[in-house]
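J.: Quick one: the structure is below, and I'll ask about it shortly.
Read-outs: derived from the displayed coordinates by stated rules, not from any lab. Worth saying up front: this structure is predicted, and the values here are computed from it rather than measured. No Cβ is skipped: glycine too gets one built from the backbone with ideal geometry, and neighbour counts run over all protein chains shown.
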Amino acid sequence: MAMAVDFKMYVDQACRAAEEFVNIYYETMDKRRHALVRLYLDKATLIWNGNVVTGLEALANFFEMLPSSEFQINMLDCQPVHEQATQYQTTVLVVTSGVVKFDGNKQHFFNQNFLLTAQSTPNSTVWKIASDCFRFQDWASI
Amino acid sequence: MWSSPDKDPEDRPSMIVLKNTNSETQKHRYDLPYKRSETHCHSEYKMSHRRGFQGRKRGANYIWHKFDRRNNHFNYPGTPYAVGLKRRKERYSYEDRYFLTVWNDRKTEECEDLYAERRATERWYKVTIPSGRKYEKTWLINSIQKLCTVPFVPVDFHYDKNRARFFVQDAKIASALKDVNLKICDETSRKISLFVSPSVVPYSVQNKFSSEQMEHLKISIMKRYDASQKALDLEKFRFDQDLMDKDIDMMLNRRSCMVATLQIIESNIPELLSLNLKNNKLYQLDGLSDMTEKAPQVKILNLSRNKLKSIFELEKVKELKLEELWLEGNPFCNCYLDDSEYISAVRDLFPKLLRLDGRELIVPTGMDIEAPQLCKKTHNETELIKNLVLRFLKEYYLFYDNGDRLRLLDAYHDQACFSLSVPFNVSDPDLDNLEEYLKYNRDIKKQQDSNMRVQLLKHTKHDIVTSLSLLPKTQHDLCSFWVDLCFHSEMMLCFSVNGLFKEVEGKCQGCIRAFTRIFIAIPCSDSRICIMNDELIVRNASPKEIQKAFTSSPAPDTSLKPLLSAEQQEMVKSFSVQSGMKLDWSQKCLEDNEWDYTKAGEAFTALQNEGKIPKEFFK
């Protein structure tokens, strides 16, 4: 019973984190691209359709190169990650799905998943991206 | 006018004296200065007495000077014409006399110089570098030549204990080489001493072969040359029958014989690959060191059964890039406790040696330098994780598709989570046939109820496996899988799988689905991984995906290449989206950067910023 109560608490925390994060992330991606890199940890890794981008500098270059975007999120799910896997750093798995249109390109379906870690600050908890994995779905349609 | 008569009588006796005898002329030379200037002449006179030859030489100079002075007098403007004529005649006689004398002296001196010069060009000099042993011959000679103002040809270069030595001919060269002393610095910034001293004719020059002998030697050598193998067999060359018949003593342990042999190799077969010098009683390799210039392509060298007493003789030929070396039967081979010590000693001199005395050598692991090891380690780590993940997936879907899904219990951690999502897609005409999955859909954009959110997130392995068993039976197309390694640390592995499967039972039997699966795993016992988080996204496959499903051959050989090719296609499409360039130009950019996506992106950005990418490259 105690365990069940704890589990529910973690699930609730994860859902709140996911909802807040997704709103910030995709709005920043679409409208304030230059600030997007601030959402990532220093050693974060992005895998973009199988291509690895590691480190803030590389990420900044990558996002700068990416054409302007319009993201529409159709699905959001999340799970708390057990402390045994995270070495006691609160971590949440966030999964999204939707449609994106990059300037000059056709619309694409995509799936994306993030590992977010909680970073404590004096005022509140800030979630930062430890890993980001993005893949077009229906990629054969190009 | 009185003064004129005075000068005339003075000149007249002088002429008389010259006409009489040589001894009188000599006397006159001494007398005249004395009369002109007592103090100066007195000094000159004394010096003459002390150094006979020098005095005589000085006398000659003095006469020349005298002539100049008289010439000046001739130009005196005040002289009457009549008197001038007379004086000119007298001076002419005087001038003629002295001119002859001077000419004679000069000619003698010139002959002497010529003779000395001839001797100087024939003279030999020995050049010694006291600590030269520790430097490679090529580097050493090149370093000296750079600083030497005169080009030179080193003869009989050799090492003698710690010294390096060679010979040169010509005094000018010797003089130029002396200036190189302490001008060369080695890698440790030490100045290198170099000394030059007169020498006898070098041994190899003393014993030089005649043209006829060289021709015979060439014929014998070419008979022993196998052009197809580029191999020269000079084993027991001393006993070559043709050479013995012609009374040519060809003993390769003599410097002159080795020089002659290498000269013929250089002129006729510079492409030599293999040289057999077995059984030639070689006790040192100074002569053979010239091989690095004369036959640099030699890869196989046979020095077995000679008289080498120290392995350090091999230092003299270590600049050769040998792959195969024979040394057995030399005295120094007995100095090692065992084979490994012997092999190690030889290897120190020839790191790239592949065979020694006919045996293949194994490359020791210790030879790897630090940097490659780091790269290797990184590569191994990635490979290890990759293999771990692939093995896991193969095993997981074997049970998921073919057996009782309850057997997946061991794949999950006690506290694991699982949830299922179905993305909403208005353009999907068959969304209704996903109802078996929609029942469990945990899309929290649609599911706002906190309790339902918890309920739809399966927790503990038993609940997970029970839930998986309720989903439709499947057959996964493993060849359609894309696997991304999202994150890894010592404690956690996060990877995602994208692919296709078909349903094999129920009313949707035969339907092709596309899925994304995200696993978070932790290490378990026996190098296995255990699932902590599991997220499944299911949607209908697109028409093109359906077309491609289950078409790849399962055979590893045939599927590997298409997989890599497909991966590169994926990169091209992704790069095209990101850069805005057409597909073919995107592909070229990736190819030019060795399919390094980040590198290609940087190259593209740099070129774009410089405005160097033509408009037609873009869509």
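J.: If the limit is 26 Å between Cα atoms, which of A:K101/B:K439; B:K507/B:K544; B:K281/B:K321; B:K394/B:K582; B:K458/B:K548; B:K445/B:K573 go over it?
T.: Beyond 26 Å: A:K101/B:K439; B:K394/B:K582; B:K458/B:K548; B:K445/B:K573.
J.: Amide H neighbours of B:C524 under 5 Å, counting only residues 5+ apart in sequence or on other chains, H built in-plane at 1.01 Å?
T.: B:I529, B:C530
J.: Return the single residue from A:D103, A:D132, A:D30 with maximal mean-square fluctuation; model: Gaussian network over chain A, springs between Cα atoms under 10 Å.
T.: Evaluated over chain A, the most mobile residue of the options is A:D103.
J.: Around B:V196, under 12 Å between beta carbons, what's the net of Lys plus Arg minus Asp minus Glu among the other residues?
T.: Local net charge: +3.
J.: What are the ³J(HN,Hα) couplings of the stretch B:495-512, residue after residue, when phi is run through the Karplus curve with 6.51, -1.76, 1.60 and θ = phi - 60°? Round to Hz, x for glycine and proline.
T.: 9, 10, 10, 10, x, 10, 8, 10, 8, 10, 9, x, 6, 9, 3, x, 5, 9
J.: Here's another thing I want to ask about it. Would you mind giving the three semi-axes, in whole Å and largest first, of the ellipsoid equivalent to the stretch B:121-263 according to its Cα gyration tensor?
T.: The answer is 35, 18, 13 Å, longest axis first.
J.: Now for a different question. Mind checking the dipole of the stretch B:208-360: about its Cα centre, +1 per Lys or Arg Cβ, -1 per Asp or Glu Cβ, Debye to the nearest 20? Walk me through the intermediate numbers first.
T.: Working: 24 positive and 27 negative charges, 29 e Å.
Once rounded to the nearest 20, the dipole reads 140 debye.
J.: What dipole magnitude, in Debye to the nearest 20, does chain A give about its Cα centre under +1 on Lys/Arg Cβ and -1 on Asp/Glu Cβ?
T.: It works out to roughly 160 debye.
J.: If you don't mind, another one. Calculate, for B:F239 and B:Q145, the FRET efficiency according to 1/(1 + (r/R0)^6) with r their C-beta to C-beta distance and R0 25 Å; round to the nearest 0.05.
T.: Calculated value: 0.05.
J.: Here's something else I'd like to know. With bins 5 Å wide starting at 0, give me the P(r) of chain A over every alpha carbon pair, in whole percents.
T.: 2, 9, 17, 23, 21, 13, 8, 4, 2, 1, 0
J.: Given labels modelled 7 Å from the Cα in the Cβ direction, how far is it in nm from B:W595 to B:R163?
T.: Label at B:W595, label at B:R163, 6.2 nm between them.
J.: Then there's this: Listing B:F550, A:F110 from the residue with the fewest other Cβ atoms within 10 Å to the one with the most, what is the order? Don't skip to the end; give the middle numbers.
T.: Working: B:F550 16, A:F110 21.
In increasing order of surrounding Cβ atoms, one gets B:F550, A:F110.
J.: Measure nothing but the geometry: give the 0 to 90° angle between the long axis through the Cα atoms of A:56-65 and the longest principal axis through the Cα atoms of chain A, rounded to 10°.
T.: The angle comes out near 40 degrees.
J.: Let me ask you something else. Decide, for the stretch A:53-119, between rounded, prolate and oblate: order the square roots of the alpha carbon gyration tensor eigenvalues as a ≥ b ≥ c, take rounded if a/c falls under 1.5, and otherwise choose prolate if a/b is larger than b/c, else oblate. Numbers along the way, then the final one.
T.: Details: a/c = 3.92, a/b = 1.56, b/c = 2.52.
Note, shape of the stretch A:53-119 comes out oblate.
J.: Kindly state, to the nearest 0.05, the FRET efficiency for B:Q448 paired with B:M491, given R0 = 41 Å and r defined as their beta-carbon distance. All intermediate terms of the calculation are to be shown ahead of the outcome.
T.: On the way: r = 34 Å, r/R0 = 0.82.
Here the calculated transfer efficiency is 0.75.
J.: Ok, one more. As an exercise, use a Förster radius of 45 Å and the Cβ-Cβ distance of A:R38 and B:L438 to find the FRET efficiency, rounded to the nearest 0.05.
T.: So the FRET efficiency works out to roughly 0.75.
J.: What list do you get for B:L353, A:L66, B:L303 if you sort them by fewest beta carbons within 10 Å?
T.: Lowest count first: B:L353, A:L66, B:L303.
J.: What fraction, in whole percent, of alpha-carbon pairs in the stretch B:208-360 exceed 24 Å separation?
T.: Result for the distance tail: 29 percent.
J.: At q = 0.12, 0.16, 0.22, 0.27 Å⁻¹, what log₁₀ I(q)/I(0) does the stretch B:124-202 have when each alpha carbon counts as one equal point scatterer in the Debye sum?
T.: Here log10 of I(q) over I(0) equals -0.28, -0.50, -0.99, -1.53.
J.: Figure the gain on full extension for B:S340 and B:K352 (residue separation times 0.36 nm, minus the Cα-Cα span) and round it to one decimal in nm. Numbers along the way, then the final one.
T.: Working: separation 12, 0.36 × 12 = 4.32 nm, distance 1.62 nm.
Computed gain between B:S340 and B:K352 is 2.7 nm.
J.: To continue, here is another question. Placing one identical point scatterer on every Cα of the stretch B:566-617 and ignoring solvent, what is log10 I(q)/I(0) from the Debye formula at q = 0.27 Å⁻¹?
T.: -1.07
J.: Debye sum, Cα scatterers, the stretch B:397-531, no solvent: what log₁₀ I/I(0) at q = 0.09, 0.10, 0.16, 0.20 1/Å?
T.: Once normalised to I(0) and log-transformed, intensities are -0.29, -0.37, -0.98, -1.51.
J.: Using only the alpha carbons of the stretch B:229-290, what is the convex hull's orientation-averaged projected area in square nanometres?
T.: Its average projected convex-hull area is 4.3 nm².
J.: A follow-up question, please. Using a cut-off of under 20 Å, list every residue of the stretch B:473-499 whose amide N is near the label point 7 Å from the Cα of B:C508 along the Cα-to-beta-carbon line.
T.: Backbone N within reach: B:473-478, B:480-481, B:497-499.
J.: No partner Cβ under 4.7 angstrom, meaning no disulfide-compatible partner by this rule: which Cys of chain A qualify?
T.: By the Cβ distance rule, which asks for a partner under 4.7 Å, the isolated cysteines are A:C15, A:C78.
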